[in-house]
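Visitor: My questions all concern the structure below.
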Amino acid sequence: MTSVLNDSPFVRACRGQDVPHTPVWFMRQAGRSLPEYRKIREGIGMLESCRRPELVTEITLQPVRRHGVDAAVLYSDIVVPIAAAGVDLDIVPGTGPVVADPIRTEKDLDRLRPITADDVSFVAESVRLLVGELGATPLIGFAGAPFTLASYLIEGGPSRTYTKTKAMMYGEPGLWHALLTRLSGITLAFLRTQIEAGVSTVQLFDSWAGALSEADYREYVLPHSREVLAGLSATGVPRIHFGVGTAVLLKAMGEAGADVVGVDWRTPLDQATQLIGPRRAVQGNLDPAVLFASWDVVEREARRVLDQGRAAPGHIFNLGHGVLPDTDPAMLTRLVELVHKVSAR
């Protein structure tokens, strides 16, 4: 089965190899835009749902059945490993992750312990179940990057300004790097657990890295993201690196060591390819809001993304961020069909 998965259009595109068509999947495809997802999640909290392998399996499979995407993405959340590391947190509907006692001092680091595969055994079990169900369809595992995890831990929840995060970064660089070093180890252990259980690819989400300048990213973030990605190199599994609002960071992100760099909707893929470098595949990058327009607009914009993606050695069609909750699922299904048809070799 491994050889079949390695020959799938998705994995081949990650490696910059020839493909029969441009593969497509959507960030947040497993979740809130699907009525069947909302039904099965009724009365079950987000973190609890991530800890139930049979539920995770069903939710992960739902968009594969409905849309015919080229890859499944594990239903989980980026805070799952830090909860396993001992952090008291909850995912509050309408808000996001909320940390009971934010990390602000060196003493607070003691509450963030390393994790082992046993701490997230439910994730490994979910992956094993899914690999058995998916057959020739690859499964994407993922984790939050150290910077984005740190921002939640320091702020106590989502933020628009990241003032507390940046205050630590600038004012206490020793504490900052100690925290991110710890988070790098947790993230690496979490991704290795998924790979050992059978995922075909992993994505490192640095969702909030766009809050930084390139100079700050290189000094305070890049070494830690590079540590995670380098720690996976021996696995042979393709690695995707994605952030939002990262136009000024794409060159640096291309140096972090991923095989594929995800690009949000703000930067055309041909321009992004020049910044990232010629050896990296790209992923993206239709604006998720375009899906609320008429079909002729969606088709025009999708064709534009496909045309610009040809500049890279490999292109995986995706949105420039996650599927928005009110997206019409039928539009996603139709978009997958269009991408496959237009890009057929």
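The values are calculated or read from the model by the stated rules, or taken from the named source; none is laboratory data. This structure is a prediction, so every number in the text was calculated from the model and none was measured. Here Cβ is always computed from backbone atoms with ideal geometry, including for glycine, and neighbour counts include all displayed protein chains.
Visitor: Here is a list of conditions, (1) under 16 Å from Ser184 (Cβ atoms); (2) among the charged types (D, E, K, R); (3) out of contact with any helix residue (DSSP H, G or I) (no Cβ under 7 Å at 6 or more places or on another chain), and Arg239 meets all of them except one; can you say which number that is?
Guide: Arg239 satisfies all of (1) under 16 Å from Ser184 (Cβ atoms); (2) among the charged types (D, E, K, R); (3) out of contact with any helix residue (DSSP H, G or I) (no Cβ under 7 Å at 6 or more places or on another chain) except (3).
Visitor: Counting only residues that are assigned to a loop (DSSP other than H, G, I, E, B), more than 21 Å from Glu125 (Cα to Cα) and in contact with a Gly (Cβ under 8 Å, 6 or more places away or on another chain), how many does region 158-212 have? Steps first, answer last, please.
Guide: Of the residues in region 158-212, the ones assigned to a loop (DSSP other than H, G, I, E, B) are 158-162, 172, 198-200, 207-208, 212.
Applying the additional criterion that residues be more than 21 Å from Glu125 (Cα to Cα) yields 158-162, 172, 207-208, 212.
Narrowing further to those that are in contact with a Gly (Cβ under 8 Å, 6 or more places away or on another chain): 158, 207-208.
Total satisfying the criteria: 3.
Visitor: Check whether at least one residue in region 36-45 is under 28 Å from Pro97 (Cβ atoms), at pLDDT 95 or above, surrounded by 17 or more Cβ atoms within 10 Å (Cβ to Cβ) and out of contact with any Gly (no Cβ under 9 Å at 6 or more places or on another chain), and report yes or no.
Guide: Within region 36-45 (the criterion being under 28 Å from Pro97 (Cβ atoms), at pLDDT 95 or above, surrounded by 17 or more Cβ atoms within 10 Å (Cβ to Cβ) and out of contact with any Gly (no Cβ under 9 Å at 6 or more places or on another chain)), the answer is no, since none of the residues qualifies.
Visitor: Another one. Suppose the filter is in contact with a helix residue (DSSP H, G or I) (Cβ under 7 Å, 6 or more places away or on another chain) and free of Cβ contacts under 8 Å to residues at least 60 places away in the same chain; does Val290 pass it? Outline the logic, then answer.
Guide: Working: in contact with a helix residue (DSSP H, G or I) (Cβ under 7 Å, 6 or more places away or on another chain): yes; free of Cβ contacts under 8 Å to residues at least 60 places away in the same chain: yes.
Spelling it out, Val290 is indeed in contact with a helix residue (DSSP H, G or I) (Cβ under 7 Å, 6 or more places away or on another chain) and free of Cβ contacts under 8 Å to residues at least 60 places away in the same chain.
Visitor: Please work out if His321 is touching a Ser or Thr at 6+ places or on another chain (Cβ under 6 Å), touching a residue at least 40 places away in the same chain (Cβ under 8 Å) and not aliphatic (A, V, I, L, M). So that I can check it myself, show each step before the final result.
Guide: Values: touching a Ser or Thr at 6+ places or on another chain (Cβ under 6 Å): no; touching a residue at least 40 places away in the same chain (Cβ under 8 Å): yes; not aliphatic (A, V, I, L, M): yes.
Considered against the rule, which asks whether it is touching a Ser or Thr at 6+ places or on another chain (Cβ under 6 Å), touching a residue at least 40 places away in the same chain (Cβ under 8 Å) and not aliphatic (A, V, I, L, M), His321 comes out as no.
Visitor: Let me ask something additional. Between a residue in region 86-112 that is acidic (Asp, Glu) and any residue that is assigned to a strand (DSSP E or B), which pairs come within a Cβ distance under 7 Å, given they are 6 or more apart or on different chains?
Guide: Asp90/Val98
Visitor: Pick from region 213-232 the residues that are aliphatic (A, V, I, L, M) and surrounded by fewer than 19 Cβ atoms within 10 Å (Cβ to Cβ): which of them is nearest to Val127 (Cα to Cα)? Even if it seems obvious, please write down each step before you answer.
Guide: Going through region 213-232, the residues aliphatic (A, V, I, L, M) turn out to be 215, 221-222, 228-230, 232.
Next cut, surrounded by fewer than 19 Cβ atoms within 10 Å (Cβ to Cβ) only: 215, 230.
On the way: Ala215: 38, Ala230: 22 Å.
If we take residues in region 213-232 being aliphatic (A, V, I, L, M) and surrounded by fewer than 19 Cβ atoms within 10 Å (Cβ to Cβ), then Ala230 is nearest to Val127 (Cα to Cα).
Visitor: Just one of (1) under 14 Å from the mean Cα position of the chain (by Cα); (2) farther than 29 Å from Leu5 by Cβ; (3) among the hydroxyl-bearing types (Ser, Thr, Tyr) trips up Ser225, so point out which.
Guide: With (1) under 14 Å from the mean Cα position of the chain (by Cα); (2) farther than 29 Å from Leu5 by Cβ; (3) among the hydroxyl-bearing types (Ser, Thr, Tyr) applied to Ser225, the lone miss is (2).
Visitor: In region 83-107, which residues are of a type in the set (Asp, Glu) and either over 12 Å from Met46 (Cα atoms) or touching a Cys at 6+ places or on another chain (Cβ under 7 Å) (or both)?
Guide: So the first thing to find is which residues in region 83-107 are of a type in the set (Asp, Glu), and the list is 88, 90, 101, 106.
Hits for region 83-107 are Asp88, Asp101, Glu106.
Visitor: Sticking with this one: Given the condition assigned to a strand (DSSP E or B), touching a helix residue (DSSP H, G or I) at 6+ places or on another chain (Cβ under 8 Å) and modelled with pLDDT of 95 or more, answer yes or no: does some residue in region 254-264 qualify?
Guide: Let us first name the residues in region 254-264 that are assigned to a strand (DSSP E or B), namely 260-262.
Subsequent filtering for residues that are touching a helix residue (DSSP H, G or I) at 6+ places or on another chain (Cβ under 8 Å) retains 260-261.
Restricting the remaining residues to those that are modelled with pLDDT of 95 or more gives 260-261.
Yes, that holds for at least one residue.
Visitor: Given the conditions (1) surrounded by fewer than 22 Cβ atoms within 10 Å (Cβ to Cβ); (2) touching a residue at least 60 places away in the same chain (Cβ under 8 Å); (3) of a type in the set (Ser, Thr, Tyr), which single one is not true for Thr235?
Guide: The failed condition is (2).
Visitor: Determine which member of the set Gly243, Gly210, Gly236 is at positive phi, out of contact with any His (no Cβ under 7 Å at 6 or more places or on another chain) and not polar (S, T, N, Q).
Guide: Working: Gly243 fails: at positive phi; Gly210 fails: at positive phi.
Going through Gly243, Gly210, Gly236 in turn, the sole match is Gly236.
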